[in-house]
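Here's the structure we're looking at; comments come further down.
The values are calculated or read from the model by the stated rules, or taken from the named source; none is laboratory data. Model, not experiment: these values are computed from the prediction. Don't worry about glycine lacking a Cβ; one is built from the backbone with ideal geometry, like all the others, and counts go over all protein chains shown. Quick note on the areas: whole protein, heavy atoms, side chains included, nothing else; ligands and nucleic acids left out. Shrake-Rupley method; radii C 1.70, N 1.55, O 1.52, S 1.80 Å.
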Number of protein chains: 2
Amino acid sequence: MTTRQDCLALDAQDPLAPLREQFELPDGVTYLDGNSLGVLPRTAAARVADVVTREWGQDLIRSWNTAGWIDMPQRIGNKIARLIGAGENEVVVADSTSVNLFKVLTAALNLQRTDAPQRKVIVSERHNFPTDLYIAESLARERGLVLRLVEPDEIPAHLDDDLAVLMLTHVNYRTGRMHDMPALTRQAQEAGALVIWDLAHSAGAVPVDLNAAGADFAVGCGYKYLNGGPGAPAFAWAHRSHTEVMDAEQLWQPLSGWLGHAAPFEFTPDYRPAAGVNRFICGTPPVISMAALECGVDTMLAAQPLGGMTALRRKSIALTDTFIALVEQRCAGHGLTLQTPRDASIRGSQVSFAREEGGYAIMQALIARGVIGDFRAPDILRFGFTPLYVRFIDVWNSVEHLAQVLDGGEWREARFNQRAAVT
Amino acid sequence: MTTRQDCLALDAQDPLAPLREQFELPDGVTYLDGNSLGVLPRTAAARVADVVTREWGQDLIRSWNTAGWIDMPQRIGNKIARLIGAGENEVVVADSTSVNLFKVLTAALNLQRTDAPQRKVIVSERHNFPTDLYIAESLARERGLVLRLVEPDEIPAHLDDDLAVLMLTHVNYRTGRMHDMPALTRQAQEAGALVIWDLAHSAGAVPVDLNAAGADFAVGCGYKYLNGGPGAPAFAWAHRSHTEVMDAEQLWQPLSGWLGHAAPFEFTPDYRPAAGVNRFICGTPPVISMAALECGVDTMLAAQPLGGMTALRRKSIALTDTFIALVEQRCAGHGLTLQTPRDASIRGSQVSFAREEGGYAIMQALIARGVIGDFRAPDILRFGFTPLYVRFIDVWNSVEHLAQVLDGGEWREARFNQRAAVT
């Protein structure tokens with residue numbers, strides 16, 4: 001049985017421990033919600049202040065050139081590329097995950113409309129994050145396609161001649177279950193489909209190699225494991241085999257804003273998509289939020305000399321294994337049911353437990369004690385373990401508090417049962 | 001003939017002069033580019049720092065509730081509403097102008113597809129800002145519609161039985177010519193069309209009354225006259241008569257992201273649009289950039305006790321009248337041709353001159369002297385006059401520099417002829 005001393009010893013031996021120094025972490029808080037909003041990089045406040053006071057305030061419009069604002073989508077995209085197995089100039093930062101998903105899903109559907117118009121089905125996971133489903137629902141409706149939602153184990157049975165696009169989130173936001181990206185990509189493509197991966201809970205959390213998997217398109221989120229700040233812009237990737245098709249008819253994404261144009265400052269009336277992945281840029285990027293995102297991505301890249309995603313993954317598995325074991329020891333009999341795979345090879349960097357009753361209030365009681373996880377309706381207690389800054393002693397302390405909340409029944413108090421807008 | 005003393009006297013009498021104190025303006029700069037990127041509000045640095053260090057850094061995920069992040073799209077939208085003749089809860093801040101235009105144009109086309117499917121034409125202005133045309137081109141192509149681009153004077157002739165949507169930018173980005181919003185809206189609607197206005201160069205620049213005009217949809221930009229910071233999020237408005245139609249089939253906008261859902265935190269798999277204009281929200285907003293935008297919008301609202309848009313408009317016209325008169329006096333014979341209407345009633349808050357040769361280099365030479373305007377290909381020298389902070393002495397000084405640049409021919413130097421990415 002793991003003891004508090006064991007946890008302290010694991011921290012003492014952790015080669016990644018110095019990475020925690022990159023962050024401003026509030027006193028008295030055990031933060032297990034980096035899968036919802038990552039923490040503040042130490043560099044971000046000064047960098048954002050410089051963008052505001054000098055680049056905007058003093059240099060004004062000139063900063064589009066002199067401060068490199070105009071290159072941010074590509075510059076930050078290239079940094080993210082190193083975390084997801086993408087190549088140079090294959091990733092752009094732009095808009096939100098939802099908007100980017102709309103772009104890549106439309107592009108994929110357009111390719112299929114030309115190449116295989118008889119394919120009328122989009123398959124996704126029933127418990128995929130809702131925004132992904134809503135975007136797919138919208139496009140399916142507009143184009144008279146079928147959006148088929150299935151359980152993870154049912155996916156292979158739906159990779160057939162009707163399938164146009166398989167659209168999955170690599171790591172499920174509720175359960176933390178991770179799909180086998182290379183295998184599903186291969187199987188779907190062998191069936192003639194295109195494959196889109198949403199990396200919202202993967203980028204910076206688990207090893208991803210988009211090019212090795214041969215995926216078609218991907219999108220992802222800047223404000224979770226990448227620590228890019230609240231509502232940080234998202235990213236989009238497309239396989240070179242698609243973006244090198246320069247014919248706009250074949251790879252058309254409909255959000256044809258001016259910064260995705262081949263020559264935006266020529267102000268010509270006709271749209272001509274930019275080369276490569278740049279055509280997935282649309283309007284003017286929110287520069288201040290982009291600057292914070294870059295600081296966040298840099299905290300991930302700082303792990304590369306220490307073993308990068310391989311080392312982070314090793315620690316992530318150790319953290320989540322320890323958390324699962326401790327909860328099952330210390331909170332036995334309290335009705336918590338593990339939702340996350342026990343098999344670490346198909347687990348993301350989070351652990352979720354379901355509880356029939358009181359999940360929201362239990363999480364509120366934990367938060368009142370300084371242990372921040374989150375609740376996902378209807379019944380999921382979700383804990384994120386971001387190996388850049390979460391320690392084994394944090395795992396110990398959070399389980400200690402969870403056990404006390406459950407043993408003492410404090411979550412039954414009215415103040416913990418009042419729902420807030422965001423949980 | 002206006003003298004330097006006249007300009008100083010006009011500044012001394014200007015009741016709006018104190019509003020300039022709201023901004024951090026760099027020394028030695030005459031900034032006539034607030035129609036491209038507004039200047040830094042004094043409050044923004046501290047506000048953004050607080051969002052970063054306290055709201056994000058200390059309060060983390062809780063700030064979605066405790067700091068009101070979740071309400072930002074509506075809260076800032078309600079402030080912008082007061083500047084454009086919109087009602088409470090009729091405006092949301094979200095995404096970029098390009099993305100918002102895609103939403104409202106699709107919504108309008110969907111309404112027409114139901115009500116008048118024989119209407120197959122979108123009319124816009126040939127020299128509308130390209131991103132507007134690119135978005136319309138994309139939708140026209142997808143739906144087999146015709147995008148018809150015409151000159152401003154030709155618009156009335158195209159308001160016929162084929163017209164689905166009239167989509168115009170209220171004030172043209174090149175010429176500064178302002179359309180008659182009430183008249184064109186009425187004429188187009190009488191012909192059975194819906195009308196969309198892009199307020200990029202209007203919001204905060206000229207009086208706008210969307211509800212009085214009875215327009216159908218509008219979008220606008222946060223980083224120009226609203227001083228919201230580089231790439232600040234944009235806004236969207238829809239007439240209540242449309243958003244009160246709750247049937248999603250009738251008013252469908254395809255960027256159906258989770259924050260435009262009626263109950264985003266119920267995480268249900270089916271999309272159900274939020275009430276009213278909230279359905280035009282899509283993904284998670286870039287909070288840091290949103291906070292800066294709110295500071296910018298507040299600088300506009302600070303003008304309301306001093307007469308608001310009416311007083312700002314009076315000053316704007318005086319500034320642009322003075323600039324036109326001085327340029328035509330001091331720079332006569334240098335080949336500058338006024339592109340902006342001489343009639344102030346159809347002029348926005350900018351003045352543009354065309355010059356057959358050297359426009360780019362002339363602007364670079366002016367910028368080197370600290371007078372910042374911009375160049376718009378192929379031949380436009382563009383000067384923005386934002387009455388919140390531009391003074392009459394700035395008008396005088398900028399014309400003085402322009403005359404010197406032209407008289408002395410310094411713009412012919414090689415260093416002024418090297419093109420940068422953004423101009």
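Here are some notes:
- Anisotropy class assigned to the protein assembly as shown is prolate, per the alpha carbon gyration tensor with a/c at or over the 1.5 cut-off and a/b larger than b/c.
- Interface A:B - total buried accessible surface [probe 1.4 Å, Å², rounded to 100]: 7200 Å²
- Global geometry of chain B, whether rounded, prolate or oblate, following the gyration tensor of its Cα atoms and the 1.5 cut on a/c: oblate
- Of all the options B:F392, B:F265, B:F217, the one that moves most in a Gaussian network model of chain B with Cα springs shorter than 10 angstrom is B:F265.
- Ranked packing of B:103-116, B:9-22, most packed first, by mean Cβ within 10 Å: B:103-116, B:9-22
- Only Lys, Arg, Asp and Glu carry charge here, each on its Cβ (+1 for the first two, -1 for the last two); on that basis chain B has a dipole of about 420 debye about its Cα centre.
- Acute angle (nearest 10 degrees) that the helix B:392-408 long axis makes with the longest principal axis of chain B, alpha-carbon atoms: 60 degrees
- Relative contact order of the stretch B:215-267, pairs being alpha-carbon contacts under 8 Å that are 6 or more residues apart, as %: 26 percent
- Magnitude of the charge dipole, the stretch B:68-300, Cβ model with Lys/Arg +1 and Asp/Glu -1, debye to 20: 380 debye
- Averaged over the residues of peptide A:258-264, the number of Cβ atoms from other protein chains lying within 10 Å of each residue's Cβ is 4.
- Over the stretch A:177-281, relative contact order from alpha-carbon pairs under 8 Å, at least 6 apart, %: 19 percent
- In the elastic network of chain B, a GNM with C-alpha springs shorter than 10 Å, the most mobile of B:A238, B:A81, B:A67 is B:A67.
- Copy-to-copy label distances for B:E21, where each label lies 7 Å from Cα along Cα-to-Cβ, are 4.7 nm in order of increasing length.
- Each part gets one Cα centre, and for the stretch A:186-219 versus the stretch B:361-423 those centres are 49 Å apart.
- ³J(HN,Hα), Karplus 6.51/-1.76/1.60, whole Hz, each residue of the stretch A:255-263, x for Gly, Pro: 8, 8, x, 5, 7, x, 7, 4, 8
- Of all the options B:P273, B:P182, B:P130, the one that moves most in a Gaussian network model of chain B with Cα springs shorter than 10 angstrom is B:P130.
- Heavy-atom accessible area, probed at 1.4 angstrom with all protein chains present, ranks A:M309, A:M290 as A:M309, A:M290, highest first.
- For residues of A:32-39, the mean tally of beta carbons on other chains within 10 Å: 3
- Principal-axis tilt of helix B:308-330 within chain B, Cα atoms, nearest 10 degrees: 40 degrees
- The distance from the alpha carbon centre of the stretch A:71-105 to that of the stretch A:1-52 is 25 Å, rounded to a whole number.
- For A:K315, net neighbour charge (Lys/Arg +1, Asp/Glu -1) across residues whose Cβ lies under 14 Å away: +1
- DSSP beta bridge pairing in the stretch A:68-300, given as percent antiparallel to the nearest 5: 40 percent
- Legend: mean number of C-beta atoms from other chains within 10 angstrom of residue C-beta atoms, peptide A:313-322, equals 0.
- Of all lysines in the structure, those lying under 23 Å Cα to Cα from A:K224, and not within fewer than 8 positions of it along the same chain, are A:K79, A:K103, A:K315.
- Antiparallel DSSP beta bridges within the protein assembly as shown, as percent of all bridges there, nearest 5: 55 percent
- Along the stretch B:178-192 the Karplus relation, 6.51 cos²θ - 1.76 cosθ + 1.60 evaluated at θ = phi - 60°, assigns HN-Hα couplings of 9, 6, 7, 4, x, 5, 5, 4, 5, 4, 5, 5, 4, 7, x Hz to successive residues, with x for each Gly and Pro.
- Cβ-based net charge around A:A403, under 14 Å, with every Lys or Arg adding one and every Asp or Glu removing one: 0
- Note: relative contact order over the stretch B:242-354, using C-alpha pairs below 8 Å and six or more positions apart, is 17 percent.
- Degrees separating the helix A:72-81 axis from the principal Cα axis of chain A, which is the longest one: 60 degrees
- Prolate/oblate/rounded label for the stretch B:3-108 (Cα gyration tensor, a/c 1.5): oblate
- Label point 7 Å beyond Cα along the C-beta direction, distances from A:R42 to other copies (nm, shortest first): 3.4
- Of all beta bridges that DSSP places with both ends in chain A, some 55 percent have antiparallel geometry.
- Amide H to amide H, with H built 1.01 Å from N, B:E24 comes under 5 Å of B:L40, B:R42, counting only residues 5 or more places away or on other chains.
- Sorted shortest first, the separations between the B:G370 label point and its copies elsewhere in the assembly read 5.3 nm; each point sits 7 Å from Cα along the Cα-to-Cβ line.
- In Hz, Karplus ³J(HN,Hα) per residue of the stretch B:32-37 (6.51, -1.76, 1.60; θ = phi - 60°; x = Gly, Pro): 10, 9, x, 7, 10, 9
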